[in-house]
Amino acid sequence: MRDTVSKLLAASMALVLLAGLTGCGARKPTFPDGPVKLAYVPLDDRPDNVERVEYLAESLDYDLLMPGRDLYATKLDGQPLNADGTQSGNRAALYEWVLSQEEAGCDRYILSLDQMLSGGLVSSRAMTGESSVTLTDGTALTEPELLDSLLSLLSKDKKNQVWLLDSVMRLAPTVGYGGFGLNEYNALRDYGIAARPHLAGDALSVENITADYRLGADGQELEVPSAEPLPDGAVENYLAARVRKLRLSAHLLSALDGGAYANFHVLIGVDDSSAEDSIQKNEIAYLSANLRAGDWLLSGVDDLAFKAITKLYLQDCGWNGAKISLRYIGGLEAQPACNYDYQSLETLVDQHLDFFDLQKLSKTSGADFQILVLTAPVEPKRTGDYAWALSNALSENRKNRIPTVLIDASNDAYGAVIHDALAEQSELSSLLAYSGFLDMAIVTGTAISHGVARYAWLTHTPSPEKDDAANTAFVKTLSDSVIKDFAFRNTVRNDLYAYVRDELGGSPDNFYKPEIDRAQVLSALEADMATSAAPVLANFSSGKILVSLSPWVESGCGTLTLSNYRFPWNRVFEIGMDIHRQTSATKG
């Protein structure tokens with residue numbers, strides 16, 4: 001009986017998919033003349049902002065153009081500086097690089113304003129006042145002037161599509177940058193979490209928001225909780241950085257108020273927040289109130305480029321939205337998934353569904369694909385039941401040909417157990433997308449953007465099974481996410497933290513303070529990953545990827561290997577690596 005039901009469901013899903021595809025009309029190439037150039041200035045040089053963006057862009061048939069890494073790299077204290085002698089990106093060179101792309105005929109842009117105006121995310125949290133940017137010809141521009149000039153020049157070509165990425169400053173600056181330490185981070189984060197006076201209506205202005213930074217909800221000046229004395233000026237510099245950041249964001253929204261900028265889109269991410277009524281609350285309210293139609297403010301910063309590229313592709317391919325089935329497993333979706341989110345998990349998910357024009361259905365029947373979200377267990381004693389439910393849901397979707405996006409938003413509540421079970425029992429390569437690394441807001445945006453991108457590409461690309469380059473890029477971005485979560489985060493990273501601290505006498509947060517033998521750390525990473533990543537690589541190499549929806553076609557994932565491991569910021573927290581895919585078509 002169950003086999004009969006499964007067959008009927010599979011047939012029903014096939015008809016739904018076919019109807020959805022034929023409803024779009026005959027499929028034509030999104031880019032009939034080949035890959036389209038997309039100019040991208042990243043937030044910084046971490047893998048989520050570079051390699052994975054490259055993979056996603058290539059999987060959608062974009063030719064991603066980027067400036068030299070040295071122009072947007074961030075260097076922590078004590079590390080070798082960039083070529084211009086700084087720890088941050090080169091704003092003048094990046095501005096001139098964008099102009100050179102415009103002169104060369106590029107008409108698609110994704111630009112991080114934290115990079116363009118501040119030299120990167122970390123630097124944007126540390127800069128305390130307006131500074132000038134001197135161009136090659138000697139012209140000196142203030143930061144607002146630089147922004148105005150950039151917008152004006154890009155607005156002249158009405159074919160341009162421009163996504164501008166911005167952020168709400170997080171609750172505390174970065175440890176290990178500008179002399180900032182862990183005590184300062186903890187003290188200022190607690191200070192930032194404290195509620196401020198609630199502003200609304202005409203009172204919600206930049207001047208009033210910044211004037212109230214020092215005040216608690218009762219109107220009294222707040223004390224800074226600190227286990228140790230803070231360096232002179234620490235609080236003043238923290239607040240000055242917030243003032244600068246908010247004023248630049250306000251200037252951006254004001255500058256775009258006009259018909260000349262209809263083809264510009266703003267996407268603002270909320271970084272490292274809290275469920276409390278923090279110092280960010282009025283900032284978020286002000287920015288939200290001043291967004292134009294088509295502009296967005298969402299949780300998450302390190303996933304901004306993923307969301308922007310996907311949204312750009314949806315514009316290019318003529319996306320009409322999709323119907324999805326959403327299922328939570330674990331029972332805690334009504335709460336923030338971690339201490340760095342200011343909204344509940346289900347609110348985060350719903351906002352991203354709206355952003356990508358996804359209609360949520362109550363049942364799987366009639367859905368184009370399903371999003372499975374694993375939360376922390378509402379009943380910790382039943383973790384085994386939740387793990388089984390997730391594994392079973394993936395198995396049923398696989399059997400019934402239901403494309404699936406998997407989000408692990410459990411914040412490591414299940415440890416390595418659930419990852420081990422999925423690597424043994426599930427065909428991970430068959431997923432549309434997966435994410436479980438970093439903060440839960442970032443996890444949500446990362447998985448949904450990649451899943452939507454893959455689904456849209458499959459539905460709008462003639463003979464997608466024949467595009468080996470795009471399919472290989474898709475395999476890379478999917479496997480990168482799974483490997484770093486299953487193999488690195490839960491096992492190798494913890495081992496490396498202990499190794500650097502206990503065996504080498506160094507700091508896992510900065511290999512240069514004190515300086516240690518970095519080759520030894522790299523050797524330890526390579527050895528640990530060879531063991532830890534093996535089950536995941538075997539899972540992918542023996543699995544299949546979905547390469548066509550109508551007709552339903554799967555292709556062997558191919559053999560995956562890893563090389564060129566690296567620590568891009570010379571710290572343990574994140575790693576980079578090269579992923580190689582060999583298929584029968586590439587052998588020999």
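The values are calculated or read from the model by the stated rules, or taken from the named source; none is laboratory data. The model shown is predicted, which means the values in this text are computed figures rather than measured ones. Note: ideal-geometry Cβ built from the backbone for every residue, glycine included; neighbour counts use all protein chains shown. For the accessible areas, the whole protein counts, side chains as well, though only heavy atoms, and no ligand, DNA or RNA atoms are used. Shrake-Rupley method; radii C 1.70, N 1.55, O 1.52, S 1.80 Å.
In the list (i) 169; (ii) 206; (iii) 251, the label attached to volume of the Cα convex hull per residue in Å³ as derived from the coordinates here is (i). Once both labels are positioned 7 Å from their Cα atoms along Cα-to-Cβ, the gap between THR139 and SER100 label points is 1.7 nm. How big, in percent, is the set of alpha carbon pairs in the stretch 233-280 lying more than 11 Å apart? For the stretch 233-280, the fraction of Cα-Cα distances above 11 Å is 77 percent. Going by a ≥ b ≥ c, the root eigenvalues of the Cα gyration tensor, does the stretch 312-424 fall in the rounded group (a/c under 1.5), the prolate group (a/b larger than b/c) or the oblate group? Taking the square roots of the gyration eigenvalues as a ≥ b ≥ c, the stretch 312-424 is oblate.
Rounded to the nearest 10 degrees, the angle from helix 91-103 to the longest Cα principal axis of the chain is 50 degrees. Taking the Kirkwood radius as the inverse of the mean 1/r across Cα pairs, report the Rg/Rh of the stretch 189-248. Ratio of gyration radius to Kirkwood radius for the stretch 189-248: 0.98. Karplus-derived 3J(HN,Hα) values for the stretch 304-309, using 6.51 cos²θ - 1.76 cosθ + 1.60 with θ = phi - 60°, are 4, 5, 4, 5, 5, 5 Hz; glycine and proline are entered as x. Kindly identify the stretch 439-524 as rounded, prolate or oblate by the Cα gyration tensor criterion: order the square roots of the eigenvalues as a ≥ b ≥ c, call it rounded if a/c is under 1.5, otherwise compare a/b with b/c, prolate if a/b is larger, else oblate. In terms of gyration-tensor shape, prolate. Note that the stretch 131-185 presents 39 Å² accessible area per residue, ligands and nucleic acids not counted, probe 1.4 Å. Segment ALA416..TRP388, full-extension length gain: 8.6 nm, with 0.36 nm per residue of separation and the alpha-carbon distance subtracted. All alpha carbon pair distances within the stretch 73-203 were sorted into 10 Å bins beginning at 0; the resulting P(r) in whole percents reads 11, 34, 31, 19, 6. Each 5 Å bin from 0 upward holds the following percent of the Cα-Cα pairs of the stretch 174-218: 5, 19, 21, 17, 14, 13, 8, 2.
Please list, in order, the residues from the stretch 177-216 whose amide nitrogen is less than 18 Å from a point placed 7 Å along the Cα→Cβ vector of GLN335. No residues fall inside that zone.
For SER548, the residues 5 or more places off, or on other chains, whose built amide H falls under 5 Å of its own are VAL553. When TYR286, TYR72, TYR499 are compared by accessible area of protein heavy atoms, the largest-first order is TYR499, TYR286, TYR72, using a 1.4 Å probe. The residue among CYS557, PRO508, GLN335 whose Cα reaches farthest toward the positive pole of the charge dipole of the chain, with charges on the beta-carbon of Lys, Arg, Asp and Glu, is CYS557.
For SER507, the amide hydrogen comes within under 5 Å of the amide hydrogens of LYS513, counting only partners 5 or more places away or on other chains and with H modelled in the peptide plane. Between GLU503 and GLN520, the simple label model (points 7 Å from Cα in the Cβ direction) yields a spacing of 0.9 nm. Scalar couplings 3J(HN,Hα) for the stretch 135-145, obtained by applying the Karplus form with A = 6.51, B = -1.76, C = 1.60 to θ = phi - 60°, are 7, 4, 7, x, 5, 10, 10, 5, 4, x, 5 Hz; x denotes Gly and Pro. Averaging the Cα positions of each part gives two centres, and for the stretch 193-232 and the stretch 73-133 these lie 30 Å apart. Relative to the longest principal axis of the Cα atoms of the chain, the long axis of helix 280-289 makes an angle of roughly 70 degrees. Considering the zone a paramagnetic label at THR561 would reach in this model (a point 7 Å from Cα along the Cα-to-Cβ line), which residues of the stretch 515-532 have amide N under 17 Å from it? Residues passing the 17 Å test: 526-527, 529-531. Seen from all directions on average, the stretch 228-352 presents a Cα convex hull projection of 10.9 nm². The ratio of the alpha-carbon radius of gyration of the stretch 504-588 to the globular-protein estimate 2.2 N^0.38 Å is 1.49.
Label positions at SER395 and SER152, each projected 7 Å from the Cα along the C-beta direction, are separated by 6.5 nm. Taking a label point 7 Å from the Cα of ALA200 along the Cα→Cβ vector, which residues of the stretch 256-278 have an amide N closer than 16 Å to it? Flagged as within label range: 277. What do you get for the angle between helix 468-483 and the principal long axis of the chain? Use alpha-carbon atoms, 0 to 90 degrees, nearest ten. Computed tilt is about 70 degrees. Peptides 296-305, 466-475, 156-165 ranked from most to least packed by the mean count of surrounding Cβ atoms within 10 Å: 296-305, 466-475, 156-165. Taking amide H positions as modeled 1.01 Å from N, with prolines and chain starts lacking one, the residues under 5 Å from ASP45 and 5 or more places away or on another chain are THR74.
Only protein heavy atoms count here; under a 1.4 Å probe, TYR340 has an accessible surface of about 90 Å². Phi-derived couplings, Karplus 6.51 cos²θ - 1.76 cosθ + 1.60 at θ = phi - 60°, listed residue by residue for the stretch 216-226: x, 4, 8, x, 8, 5, 7, 8, 9, x, 8 Hz, with x used for Gly and Pro.
Considering only Cα-Cα distances, which of the following residue pairs are longer than 32 Å: LYS156/LYS323; LYS75/LYS245; LYS323/LYS484; LYS37/LYS476?
Numbers: LYS156/LYS323 37 Å; LYS75/LYS245 20 Å; LYS323/LYS484 30 Å; LYS37/LYS476 20 Å.
Long pairs (Cα-Cα over 32 Å): LYS156/LYS323.
Taking 0.36 nm per residue of separation and subtracting the current Cα-Cα distance, fully stretching the chain between HIS251 and ARG69 would add 62.7 nm.
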